[in-house]
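Comments concern the structure below.
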Amino acid sequence: RSTRGSSPAGQVPASFAQAMLGLRAKYSPQSLAVACSGGLDSMVLLRLAHDWCAREGISLWVFHVHHGLSPRSDDWLAHVEGAAGELGVGVDHRRVTIPNDGSGIEAAARKLRYAALGEMCRAHGATLLLTAHHLDDQAETVLLQLLRGSGLAGLSGMDADNRAPGLLGDGELAMARPLLAQSRAALEAFALEHGLGWVEDESNQDPRYTRNALRHQV
């Protein structure tokens, strides 16, 4: 008897499909988009979304935000464009410049990233944006909120889906995290099993960023 479905990698597609079933019933998207950095998590999301959209007859876009913070930023963009091209999926990107205004690189980059993603959603008619946040990200988020003294709302972590006018700049756009129930280890197992390539962000190892310090030391 096959045990593939019970393996970490084997559980990922079924979990994703279940999440998408609920999202389709709630939002009825005719076109959706994947926010893709080129990293492990978003490359798994891209493959899953491509296969699901092909079965369901829904158009798919791949959006990338070029922050210019790494000397390898151009390589990440090229990787995303290449992967999208291999799958026959439309791809677009925006370049943003992170201001040095004292607000912090992480917060400034996040704000500009989601504004750019919202702009691309509107430009291409995608009403649902998928991001690759997973279970490990959720744990880190709750710990960060705890450190910041957040109340119960903050400690509940990231929503599986919501309307996000504060981030995307449009109350008609929805954002969803269909991988939120899966661990990073399961996503990596899926990527290796399916021969997916991804890029590593060297800044993820920098403990000066609070999230990284939690990830590697806590």
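The values are calculated or read from the model by the stated rules, or taken from the named source; none is laboratory data. Note that the coordinates shown come from a computational prediction; the quantities given were computed from them, not determined experimentally. Glycine gets a Cβ as well: all are built from the backbone with ideal geometry, and neighbour counts include every protein chain shown. Calculation scope for accessible area: heavy atoms of the full protein, side chains included, ligands and nucleic acids excluded. Shrake-Rupley method; radii C 1.70, N 1.55, O 1.52, S 1.80 Å.
Annotations for the structure displayed:
- Condition met for Gly197 (modelled with pLDDT of 85 or more and under 21 Å from Lys26 (Cα atoms)): no
- Residue that is most open to solvent (accessible area, probe 1.4 Å) [pool: residues in the stretch 112-154 that are at pLDDT below 85, among the small types (Gly, Ala, Ser) and in a helix (DSSP H, G or I)]: Ala153
- Residue check for Leu60: part of a helix (DSSP H, G or I) and either among the acidic types (Asp, Glu) or under 18 Å from the mean Cα position of the chain (by Cα) (or both): no
- Restricting attention to the stretch 77-105, the residues that are modelled with pLDDT of 95 or more and either farther than 15 Å from Val44 by Cα or surrounded by 12 or more Cβ atoms within 10 Å (Cβ to Cβ) (or both) total 18.
- Conditions (1) at pLDDT below 95; (2) open to solvent by 60 Å² or more (accessible area, probe 1.4 Å); (3) aliphatic (A, V, I, L, M): number failed by Leu167: (2)
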